[in-house]
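Reviewing the structure listed below.
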Amino acid sequence: MTAELVRGQNHPLSRSRVEIRVSAHTPVLALVSAGDDAGRLPGPEAVAHPGARALAGLEVPGELSGRHRFTVDLDSVGPAVHRVGLVLVLPPGGPVRFGAVPAPYVAVAEPEGAEIAGYTLAGLDSETAVVALELYRRQGAWKVRAVGQGYAAGLGALLADAGLPGPTAVALAAQVMATAPPTPVTSAPAAPESAVPAPATAVTSAPATAAEGATPTAPAPAAHAEAAPAASAEVVMPMAPEAAAPAPAAPAAPTSVEAVMPGAASAAEGAVSASAEATPTVPQGVRVSREVPPAPPAAQPPDPYVEVPGSASGDAPPTISYAHPRRRPTSAEPPEPGPQRAQAPGPGEPPRPVAGDAAGWSMEERLYNQVWGMFEDLARTVSAYRGAVEFADARMDRELGEALSDPRQRLGGSGNAARDAARERRDELVDRARAVLDRDLAQLVAETEVVEPALPAPYARWDSPVWHDGRAAALPEESPLALRLGDLHLPERPDLRIPMLMRLPLERGIWIDNGRTGSEAAMAMDTDRLRLAAMDMAVAHAVRLLAVHPGGRYAVHVIDAAGAGAASLAPLVRSGVLAEPPAAGPGGVTRTLAALTRRVDLVQMALRAGAPEDLPPDVDTAGQLLIVHDFPHGFDDRAVTQLRYLADEGPAVGVHLLMVADRDEASAYGPLLDPLWRSLMRLSPVPDSHLADPWVGHQWTFEPDVPPRGSQVLDRALDRIAAARRGPRP
């Protein structure tokens with residue numbers, strides 16, 4: 001039986017050789033893209049089109065038609081290819097937009113056999129190019145996902161969004177259109193190979209699709225339909241960064257989102273220049289503009305976590321983009337081999353999870369990418385379930401309304417039977433959708449049970465054995481890719497936790513909100529306990545940051561003007577890892593901010609002059625972390641301006657901000673503080689559902705990762721840090 005998919009839903013493929021079928025009511029071009037694990041294209045050669053039809057494992061049709069059929073051999077696409085996307089493009093001379101013609105239908109089938117999964121691209125409007133579906137590799141097995149991501153700006157915008165540089169994307173789009181066969185003057189609509197309803201019929205036929213486990217969802221807006229958060233979003237997720245992206249269109253979700261997650265860097269960030277030996281030493285965390293230039297903004301993928309509007313951070317446009325990492329090898333050596341599966345799954349069994357089976361140049365990066373995949377899978381499978389429930393409820397309401405509006409049914413007694421039948425159909429649809437959800441959740445739970453114990457110290461919880469069994473006994477020799485801040489979960493399965501990893505080096509400051517206006521958990525907690533929990537959380541993040549970097553990589557400064565955080569800061573003070581004692585009073589605030597502002601100015605001037613090695617000897621080239629507690633106590637207008645300057649300019653030159661504050665108490669500064677709050681990533685010391693994902697806009701509950709009560713893990717980590725800084729004994 002064919003699985004009728006809706007946007008965002010996936011379906012497993014039981015065979016590696018499949019046939020792609022396209023049925024459109026107008027001639028279209030069928031293209032195929034071969035991307036990495038994030039769907040990024042390495043170059044124009046990764047796109048099969050009429051002018052260059054063949055890729056490893058497939059060959060696309062060369063004609064312009066309303067019907068296309070071609071075979072894909074997934075065993076032959078190559079180990080670097082993780083996503084095979086089917087792209088449909090309207091040619092010149094044809095309809096000007098997909099919304100002007102009936103919805104196309106695409107299917108994945110057995111070669112010359114029955115369909116495995118089908119998808120009707122309903123809801124398109126002004127798009128002229130659309131990613132219809134993708135075949136993607138997950139844990140060694142292949143799945144098909146209904147995408148339906150359209151672009152009103154055409155094929156060039158689609159290719160740029162897939163990672164090609166702007167000029168390259170435009171040139172390739174022009175080449176495709178130039179080599180496309182001419183549009184027939186008269187072309188009868190191609191009859192669908194499967195029962196393909198017209199747009200008006202698509203809604204009424206959705207019950208059957210959902211009954212097969214599909215999940216009807218509201219169609220996304222045209223022109224970048226599946227794009228990331230709303231324009232008012234401010235990104236905060238843990239995945240690695242790329243160049244800042246413009247605010248995309250808001251997804252069709254109950255609430256808009258405000259982006260709030262990790263950093264803006266080049267798509268090739270992490271790469272090392274071939275002439276590294278001739279490159280002068282620069283301060284830790286400082287990026288030199290002479291390295292690999294960033295990719296154009298249009299080529300960046302959506303961000304992973306976003307903040308829901310109405311939270312304490314306020315509405316703000318995205319100033320920093322945090323996206324999936326694209327680390328490049330530092331040499332021509334191939335990536336490390338992936339883990340070997342102990343035993344292949346049997347017929348009909350789901351693939352057995354393996355830790356580190358994602359793409360990457362190291363086990364750390366593979367685990368990082370695997371966490372990203374788990375996050376996306378959970379977001380999409382819950383979206384499919386919620387869409388099915390919403391559709392079932394809407395259909396039941398419509399049927400009940402029709403039954404009640406007919407006087408004959410009310411007076412004749414048949415109304416009760418109609419109402420009962422409507423409720424039964426609703427319950428049957430929801431039960432089938434729940435069965436699909438439970439299947440996917442069980443697979444993700446099994447993967448989490450394998451991945452969590454394999455995570456290295458930067459990604460592991462404080463209660464993980466990696467922090468207690470000696471594996472973290474010595475500081476590492478290299479900086480990690482990301483840092484764990486906490487866990488994310490959804491109400492459908494609260495025990496299924498996805499690690500929230502923040503990309504390093506820190507691309508934006510962190511604001512830990514110790515006010516009682518954020519969540520129900522905060523409102524239920526005593527003010528003093530909440531403030532203590534927020535400061536303990538800040539100290540735990542600082543200790544983890546120091547413990548997962550080489551010794552001396554970071555210097556930590558503390559501003560505690562009123563001394564209210566002394567109890568939480570005691571471990572840092574006692575171990576001697578602070579650069580100086582916590583600054584107290586207005587005088588201490590002024591001295592600390594002045595010293596860090598001077599460092600930012602000097603490093604910026606040295607980089608602009610192209611001589612970072614000529615910094616004054618008293619400038620500490622290590623990364624600087626400033627913890628500010630009880631803001632704005634002890635701050636005057638000049639100090640607030642300096643703090644804003646450090647938040648905006650500091651990350652680019654290795655100065656990072658970690659604030660613990662209650663925004664309500666700081667509201668006396670009025671709009672002066674708004675830019676500061678918008679530039680920081682808001683977290684909470686108690687469970688809070690203020691974060692959303694970029695794909696469908698779910699509100700995720702964030703829970704911080706802090707050491708268990710009574711644990712000595714922080715003290716042991718601080719002892720190792722202090723010993724590493726003292727150096728070996730003579």
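The values are calculated or read from the model by the stated rules, or taken from the named source; none is laboratory data. Bear in mind the structure is a predicted one, so any value in this text is a computation, not a measurement. Here Cβ is always computed from backbone atoms with ideal geometry, including for glycine, and neighbour counts include all displayed protein chains. Calculation scope for accessible area: heavy atoms of the full protein, side chains included, ligands and nucleic acids excluded. Shrake-Rupley method; radii C 1.70, N 1.55, O 1.52, S 1.80 Å.
Tabulated data
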read-out	value
Complete set of residues in region 484-497 that are touching a helix residue (DSSP H, G or I) at 6+ places or on another chain (Cβ under 6 Å), of a type outside the set (D, E, K, R) and over 14 Å from SER689 (Cβ atoms)	LEU496
The one condition in (1) over 21 Å from ASP513 (Cα atoms); (2) buried (at least 21 other Cβ atoms within 10 Å of the Cβ); (3) among the polar types (S, T, N, Q) that SER568 fails to fulfil	(1)
Members of region 514-572 that are polar (S, T, N, Q) and more than 13 Å from PRO704 (Cβ to Cβ)	THR517, THR527, SER568
Which numbered condition GLY373 fails, given (1) under 28 Å from GLY356 (Cβ atoms); (2) modelled with pLDDT of 90 or more	(2)
Selected residue (criterion: most open to solvent (accessible area, probe 1.4 Å)) from residues of region 699-721 that are in contact (Cβ under 8 Å) with a residue 40 or more places away in the chain and small (Gly, Ala, Ser)	SER711
Selection within region 454-505 - touching a Gly at 6+ places or on another chain (Cβ under 6 Å) and over 15 Å from PHE702 (Cα atoms)	LEU475, ARG503, PRO505
Filtered residue count, region 446-470, keeping only those that are closer than 20 Å to ASN369 by Cβ and surrounded by fewer than 16 Cβ atoms within 10 Å (Cβ to Cβ)	3
Residue list for region 440-491, filter: among the acidic types (Asp, Glu) and in contact with a Lys or Arg (Cβ under 7 Å, 6 or more places away or on another chain)	ASP487
Region 471-485: number of residues that are open to solvent by less than 50 Å² (accessible area, probe 1.4 Å) and modelled with pLDDT under 80	1
Pair list, Cβ under 6 Å, 6 or more apart: region 56-82 residue touching a residue at least 60 places away in the same chain (Cβ under 8 Å), other residue open to solvent by 20 Å² or more (accessible area, probe 1.4 Å) and of a type in the set (Phe, Trp, Tyr)	LEU74/TRP142
Any pair with Cβ under 8 angstrom, 6 or more apart, that starts in region 669-689 at a residue that is in a helix (DSSP H, G or I) and buried (at least 20 other Cβ atoms within 10 Å of the Cβ) and ends at one that is at pLDDT 80 or above and among the small types (Gly, Ala, Ser)	LEU676/ALA647
Residue count for region 639-668, restricted to those that are open to solvent by less than 10 Å² (accessible area, probe 1.4 Å), assigned to a helix (DSSP H, G or I) and at pLDDT below 90	1
Residues of region 507-521 satisfying the condition of being part of a loop (DSSP other than H, G, I, E, B) and open to solvent by 10 Å² or more (accessible area, probe 1.4 Å)	GLU507, ARG516, THR517, GLY518, SER519
Any pair with Cβ under 9 angstrom, 6 or more apart, that starts in region 550-568 at a residue that is over 12 Å from HIS629 (Cβ atoms) and of a type in the set (Val, Ile, Thr) and ends at one that is part of a loop (DSSP other than H, G, I, E, B) and open to solvent by 40 Å² or more (accessible area, probe 1.4 Å)	VAL556/ALA579
Residues located in region 124-167, provided they are touching a Ser or Thr at 6+ places or on another chain (Cβ under 9 Å), over 21 Å from VAL81 (Cα atoms) and open to solvent by 20 Å² or more (accessible area, probe 1.4 Å)	ALA152, ALA153
Strands (runs of 3 or more DSSP E) fully within region 1-97 counting 1 or more residues that are surrounded by fewer than 22 Cβ atoms within 10 Å (Cβ to Cβ) and among the aromatic types (Phe, Trp, Tyr)	65-73
Criterion: buried (at least 24 other Cβ atoms within 10 Å of the Cβ) and at pLDDT below 90 - qualifying residue of ARG553, ARG503	ARG503
